[in-house]
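Structure, as structure tokens:
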Amino acid sequence: MADTLRLTVPGKPEYVRTVRLAISSLAGCAGFDVEAVEDIKVAVSEACSNIVCHGIKGQNAAYEVSCEMLDDRIVIRVVDQAGGYDTEKYREPEAGALREGGLGIFIIKALMDEVNILSEVGQGTQIQMTKYSRE
């Protein structure tokens, strides 16, 4: 049976750090090495920042973060009920055309073992990230 932590987070940038610290603490307690914990911290920060900046921007809303601890992996879901985007229009950035902003999903995919994104315009977005333990 998996242990799950669920957080309801105010949609304000100052709470991203709190989520990052909570999830990285769980990953450390679960036995992930320092490098994996750092990857998880950055991925969670990017997912939360994307929701705060793009998903619920300008709304007095909250989003949900859940962290499921399994024997061989950690599964993190970051979900908002607003915004959303057309995932078919997302394009990976090209190496020669990198710019500030717009790299969040690219970074998350580079750091985590599995990433699934479900989004519907006007309905919200769910980013599910999985990191496997190396033990």
Only unsatisfied item for GLY101, checking (1) at pLDDT below 90; (2) on the phi < 0 side of the Ramachandran plot; (3) not hydrophobic (A, V, I, L, M, F, W, C), is (2)
Considering segment 1-19, residues that are within 17 Å of LEU70 (Cβ to Cβ) and out of contact with any helix residue (DSSP H, G or I) (no Cβ under 7 Å at 6 or more places or on another chain), and then whichever is surrounded by the fewest Cβ atoms within 10 Å (Cβ to Cβ), we arrive at MET1
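Against the definition (among the basic types (Lys, Arg), within 27 Å of GLN123 (Cβ to Cβ), in contact with a Lys or Arg (Cβ under 8 Å, 6 or more places away or on another chain) and at pLDDT 90 or above), how does ARG73 come out, yes or no? Before the answer, list the steps.
Working: among the basic types (Lys, Arg): yes; within 27 Å of GLN123 (Cβ to Cβ): no; in contact with a Lys or Arg (Cβ under 8 Å, 6 or more places away or on another chain): yes; at pLDDT 90 or above: yes.
Judged against the criteria, ARG73 is not a match.
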When segment 20-51 is checked residue by residue, the ones that are touching a strand residue (DSSP E or B) at 6+ places or on another chain (Cβ under 8 Å) and either within 16 Å of GLN126 (Cα to Cα) or surrounded by fewer than 17 Cβ atoms within 10 Å (Cβ to Cβ) (or both) are ALA22, ALA43, VAL44, ALA47, CYS48, ASN50, ILE51
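The values are calculated or read from the model by the stated rules, or taken from the named source; none is laboratory data. Everything numeric here is computed off the predicted structure, so don't read it as measured data. Cβ sites come from the backbone with ideal geometry, for glycine too, and all protein chains shown count toward neighbours.
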